[in-house]
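The values are calculated or read from the model by the stated rules, or taken from the named source; none is laboratory data. Predicted model, so just to flag it, every value in this text is computed and none were measured. Using ideal geometry, Cβ is built from the backbone for each residue, glycine included, and neighbour counts are taken over all protein chains shown.
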Amino acid sequence: MLDTCILIDYFRKQEKSKTRLLQIVDEFELLCISSITVFEIYAGATLIQLPFWEVLLEKTTILNLDAQTAHVAVRVLQQMKQKRKSIEKADLFIAAAAMNAGIPMATLNRKHFEHIDGLKLL
């Protein structure tokens, strides 16, 4: 599971070969993103950027937010409250999607996710 920041990093860097995304592509056969990442990408994209994102996202497996993922998100949110930690809702749902699918997650913002029990970070 790729966090949104992995894709944004790829978009922004001139030298794509040095991005975390290409390192991950070399390491894993299948990559996916959450439908929440699709929302974040399109919400922040300008009209000029849209063609880039459409091509990239067309080639990406997208895991949709379903009822089971929502239940995982509720458990994570409760866990975070017990620890007196907070998490943005988008990050919560992206992490829950990875956990529900039983797959590790790649992010450049480990601090956002490090307090989630059961989430495997790359």
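A compact table of results
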quantity: Inter-residue pairs, beta-carbon under 8 Å, first of a type in the set (Lys, Arg) and in region 19-46, second at pLDDT below 95 and assigned to a helix (DSSP H, G or I), 6+ apart; calculated: 20/6; 20/9; 20/10
quantity: Selection from region 76-90 of residues that are assigned to a helix (DSSP H, G or I), surrounded by 12 or more Cβ atoms within 10 Å (Cβ to Cβ) and either touching a residue at least 24 places away in the same chain (Cβ under 8 Å) or over 18 Å from the mean Cα position of the chain (by Cα) (or both); calculated: 76, 79, 80, 90
quantity: Selection status of residue 6, over 19 Å from residue 122 (Cβ atoms), part of a helix (DSSP H, G or I) and within 11 Å of the chain's Cα centre (by Cα); calculated: no
quantity: Residue in region 78-98 that is polar (S, T, N, Q) and touching a Gly at 6+ places or on another chain (Cβ under 9 Å) present; calculated: yes
quantity: Only one of 119, 57, 108 that is part of a helix (DSSP H, G or I) and under 22 Å from residue 9 (Cβ atoms); calculated: 57
quantity: Count - residues of region 66-75 that are within 15 Å of the chain's Cα centre (by Cα) and within 24 Å of residue 29 (Cβ to Cβ); calculated: 1
quantity: Answer residue from region 37-54, given it is not β-branched (Val, Ile, Thr) and not in a helix (DSSP H, G or I) and is nearest to residue 2 (Cα to Cα) among those; calculated: 45
quantity: Residues located in region 8-22, provided they are of a type in the set (S, T, N, Q) and surrounded by fewer than 16 Cβ atoms within 10 Å (Cβ to Cβ); calculated: 14, 17
quantity: Residue selected from region 91-122 under the condition among the aliphatic types (A, V, I, L, M) and free of Cβ contacts under 8 Å to residues at least 60 places away in the same chain, by the criterion surrounded by the fewest Cβ atoms within 10 Å (Cβ to Cβ); calculated: 121
